[in-house]
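Below is one structure, written out as structure tokens, with a few remarks after it.
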């Protein structure tokens with residue numbers, strides 16, 4: 001069968017490196033059994049290696065078993081505008097790309113593994129139904145000279161890649177590992193590369209760069225049909241999106257994320273998010289969107305929810321999720337960015353029952369805190385839920401009044417200082433008013449210093465109405481009314497103080 005005019009066939013030669021070749025046409029690398037016949041396997045060596053090559057489009061295919069122990073294909077410092085790997089029959093074939101510029105679609109389910117190290121994407125990379133995927137950005141094998149040469153030959157530069165999102169779209173991965181190494185000072189690593197005469201700071205690992213930051217985005221969709229395992233660690237991401245029902249462990253650790261999306265995400269076994277903070281490479285808002293998820297089997301550990309600028313919890317169940325060492329705002333006003341909206345990017349499009357939905361969010365968070373015995377955060381959620389409840393139009397005016405007074409007097413049981421200072425203000429002003437109605441102060445007569453001591457009898461709400469003057473001859477109606485009204489206020493404030501003081505011993 002003749003090869004089409006616009007295609008060229010690349011003949012594989014085991015253990016013979018292809019170096020500095022350019023292919024303008026579509027190149028087809030077809031692996032056949034005959035190519036490996038009579039060639040002894042050499043452990044530890046790449047079987048097929050391409051270095052410093054340029055491909056417009058490369059198709060790798062295989063239709064038969066190769067009867068070879070392992071066929072490893074590597075690309076180093078290579079440009080592949082479009083890579084296509086779909087038809088693979090032998091399950092011992094692996095592909096490795098290191099320090100390459102490429103994009104494409106790899107969907108051969110029988111590939112042994114796909115490894116991507118220190119690469120830049122022209123458009124994006126689709127990895128579909130692969131058994132073993134490893135994406136890594138490391139500092140120990142970066143060679144600025146070769147990157148300069150590759151930039152010159154391809155007519156690209158860092159500005160091109162910093163302006164275009166580096167998108168990894170992954171579906172149904174059996175084993176997925178995304179990692180990055182950092183410098184010992186734990187700061188984002190970057191390297192100075194000279195392109196012509198202009199210096200560029202480039203972050204070849206996912207922890208990014210201080211200037212010209214590359215926007216790495218990872219979109220993962222799970223099928224739940226196999227025992228999937230995911231590890232994402234030590235990276236900085238412009239976006240992380242997880243969708244589906246993973247049937248294996250999902251671990252995202254020590255990661256900074258600008259846009260974090262969980263959509264219809266319902267793990268069947270275990271999913272953990274540890275040490276997650278917002279990533280702020282630009283002026284764009286940092287977002288968390290949780291949309292139609294069941295997070296009963298999810299553990300949020302040391303997640304900085306407080307610092308994300310907008311969070312959406314929409315039609316999701318998370319009351320049985322585990323929250324430990326997580327940071328939440330400390331006042332209701334700061335919880336306003338916890339939003340029950342369908343699309344996190346359009347906060348103005350609120351739901352019909354927005355206030356009630358927001359109230360339910362805080363109740364779910366409170367239940368989750370109660371499950372772990374986190375009384376501090378639980379009481380905080382209780383307070384903000386009551387503040388949110390006051391906004392619901394369907395509650396009665398009496399209940400709304402009670403909630404308003406509760407917030408004013410002790411912040412819904414959170415503040416002991418508020419009722420204490422209110423008690424002092426009410427008692428002192430009430431005592432002064434009481435003495436004034438009796439004519440014992442603000443008179444031309446000499447002030448009686450004993451009245452200062454009688455203040456302590458006045459704040460005893462069980463005191464007799466005639467503790468200071470004779471009831472029949474000197475006690476008048478205004479003094480009696482003032483005394484009983486102040487007793488009522490002080491009694492309420494004492495109850496509010498005790499309630500706040502005992503907030504950690506509630507059951």
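In table form, for the structure just shown:
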| read-out | value |
| --- | --- |
| Index of the failed condition, residue 354 passing every other in (1) more than 18 Å from the chain's Cα centre (by Cα); (2) surrounded by 21 or more Cβ atoms within 10 Å (Cβ to Cβ) | (2) |
| In region 55-77, the residues that are within 27 Å of residue 153 (Cβ to Cβ) and touching a helix residue (DSSP H, G or I) at 6+ places or on another chain (Cβ under 8 Å) | 77 |
| Residue that is within 25 Å of residue 147 (Cβ to Cβ) and at pLDDT 95 or above, where the choices are 79, 23 | 79 |
| Only listed residue being under 13 Å from the mean Cα position of the chain (by Cα) and at pLDDT below 95, chosen from 281, 285 | 285 |
| Qualifying positions in region 431-449 - under 22 Å from residue 493 (Cα atoms) and in contact with a helix residue (DSSP H, G or I) (Cβ under 9 Å, 6 or more places away or on another chain) | 431, 433, 434, 435 |
| Among the residues listed as 452, 428, the single one being touching a helix residue (DSSP H, G or I) at 6+ places or on another chain (Cβ under 9 Å) and either exposed (fewer than 12 other Cβ atoms within 10 Å of the Cβ) or over 30 Å from residue 385 (Cα atoms) (or both) | 428 |
| Region 79-99: number of residues that are touching a residue at least 40 places away in the same chain (Cβ under 8 Å), within 30 Å of residue 155 (Cβ to Cβ) and part of a loop (DSSP other than H, G, I, E, B) | 1 |
| Selected residue (only one of 97, 121 is more than 22 Å from residue 13 (Cβ to Cβ) and buried (at least 20 other Cβ atoms within 10 Å of the Cβ)) | 121 |
| Filter result for residue 333 (touching a residue at least 24 places away in the same chain (Cβ under 8 Å) and surrounded by fewer than 19 Cβ atoms within 10 Å (Cβ to Cβ)) | no |
| Filter result for the condition that a residue is closer than 30 Å to residue 374 by Cα, surrounded by 12 or more Cβ atoms within 10 Å (Cβ to Cβ) and at pLDDT 80 or above, over 403, 422, 489 | 422 |
| Yes/no for residue 461 being in a loop (DSSP other than H, G, I, E, B) and either modelled with pLDDT of 75 or more or farther than 30 Å from residue 383 by Cα (or both) | yes |
| Unique residue being out of contact with any helix residue (DSSP H, G or I) (no Cβ under 8 Å at 6 or more places or on another chain) and either closer than 22 Å to residue 319 by Cβ or outside any helix (DSSP H, G or I) (or both) when the list is 402, 344, 395 | 344 |
| Any chance residue 70 is free of Cβ contacts under 8 Å to residues at least 60 places away in the same chain and either out of contact with any strand residue (DSSP E or B) (no Cβ under 8 Å at 6 or more places or on another chain) or over 24 Å from residue 129 (Cα atoms) (or both) | no |
| Residue among 440, 489, 480 that alone is part of a loop (DSSP other than H, G, I, E, B) and out of contact with any strand residue (DSSP E or B) (no Cβ under 9 Å at 6 or more places or on another chain) | 440 |
| Residue match in region 415-425 (condition: under 26 Å from residue 302 (Cα atoms) and out of contact with any strand residue (DSSP E or B) (no Cβ under 8 Å at 6 or more places or on another chain)) | yes |
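Here is a yes/no grid of residues against (1) more than 13 Å from the chain's Cα centre (by Cα); (2) at pLDDT 95 or above; (3) surrounded by 16 or more Cβ atoms within 10 Å (Cβ to Cβ):
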| site | (1), (2), (3) |
| --- | --- |
| 270 | yes, no, no |
| 273 | no, yes, yes |
| 300 | no, yes, yes |
| 318 | yes, no, yes |
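The values are calculated or read from the model by the stated rules, or taken from the named source; none is laboratory data. In this text, all values refer to a predicted model and were calculated from it rather than measured experimentally. With ideal geometry, Cβ positions are generated from the backbone for all residues, glycine too; neighbour counts draw on all protein chains shown.
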